[in-house]
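Just so it is clear, none of the values below were taken in a lab; they were calculated from the coordinates. Predicted model, so just to flag it, every value in this text is computed and none were measured. Cβ atoms come from the backbone with ideal geometry, glycine included; neighbour counts cover every protein chain shown.
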Amino acid sequence: MGESGSLIEVVLDLPDGRSCPVLVGDGASASLAELIPARAQRVAIVTQANIGVEVDPGREHRVFTIGDGEQFKTMSTVEALCSQFAEWGLTRTDCVVGLGGGLVTDVAGFAASVFHRGLPVVHVATSLLAQIDAAIGGKTGVNLPEGKNLVGAFWQPAGVLCDTALLETLPPREWRCGLGELAKYHWLGGGRLDELPLDERVARCVQIKAEVVASDERESGRRALLNYGHTLAHALEIAGDHDLRHGEAVAIGLVFAARLARAMGRIDDEAVAEHRRVVAGYDLPLEPPPGLDPEELLALMGRDKKVLDAGLTFVLDGPDGLEVVAGVDPVLVRSTLEETS
Ligand code: GLY
């Protein structure tokens, strides 16, 4: 972690000499032109109408607007973008910019990964969630009717800008969503992030994520730890008739994972209490909304896997910190769910 003017610079070092600089701080988006590869003559800026942020990539550019909401995170949005890029004459040596939250950076990154078989992308992350998670690490993708993020690519950005001034106008609910992911970093080595000034807090999360991604870019092992709290969270997001957003579901998933780890004898009551304290400290929900069917949640959690048929898989705390634990007993998961729902 270093300094670049008044900004904090974190560099994500990747195999084969690749790297991704991430600039964090008030006004970081003004550095966009510096991160666009020099040979790019045109820049396609992908954003949403409600983002309301203008950036200057320092060369010819056009703005392409996608819809707001998960229903627009689809192959047809990517296809429409690629058609518009083609109509404009964007080439493989040009550049895409994703200007927005996690949905925009996921979609813009995926379009960049497939158009002309791949052209550079730079992200200007405008939400807390995108700055500390979604825009960092090169995961891109869209949803299918069969599930979230089922189609995508690992496509590392040429750089990421986390302009913390943009967070000042973030709607409160969006801010809370980011806090769910922020809480997760407490158990990934982040410690008392709430005590840090905003720029340092964002940069610390970026640094932790960069270290994890550098060690396991394509999630063959350690990167899965970044999914702490996400097994139940993904099920909660699909199940029932409620209004939980991703970060809120992650917060509930963190406390649930702690209770499950306690039930498995991996951690003690104090560690569970610490999970509750940290999540409550961010004013996030601790328990699933009432009335959800544990059987449905179990079935959804069983589907939430990317690798092999390893049964129910959770990231769980334990004596040596977080670990991916496969084959967790569904009876125990169900009884832990019933205690909390
Ligand atoms: N959001 C988890 C990851 O990027 O691996």
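Summary of computed values
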quantity	calculated
Prolate/oblate/rounded call for segment 170-289, Cα gyration tensor, a/c under 1.5 rounded	rounded
Share antiparallel - DSSP beta bridges, segment 123-281, percent rounded to 5	60
Summed side-chain charge close to Ser215 - residues other than Ser215 whose Cβ falls under 12 Å, Lys, Arg +1, Asp, Glu -1	-1
Charge-dipole axis of the chain as Lys and Arg at +1 and Asp and Glu at -1 on Cβ define it, positive-most pick from Cys20, Ile238, Leu332	Cys20
Whole-Å distance, taken between Cα centres, linking segment 218-256 and segment 149-205	16
Sum of side-chain charges, Asn50 neighbourhood, beta-carbon under 12 Å (Lys, Arg +1; Asp, Glu -1)	-2
Cα gyration tensor, segment 133-237 - rounded (a/c under 1.5), prolate or oblate	rounded
Angstrom value of the Kirkwood radius, inverse mean 1/r, which spans all Cα pairs in the chain	20.4
Under-5 Å amide H pairs with Val325, H placed in peptide plane, nonlocal only	Phe314, Val315, Leu316
Formal net charge of residues neighbouring Arg262 (Cβ-Cβ distance under 13 Å; K, R +1; D, E -1)	-3
Sequence of Tyr185, Tyr228 once ranked by neighbouring C-beta atoms within 10 Å, starting from the fewest	Tyr185, Tyr228
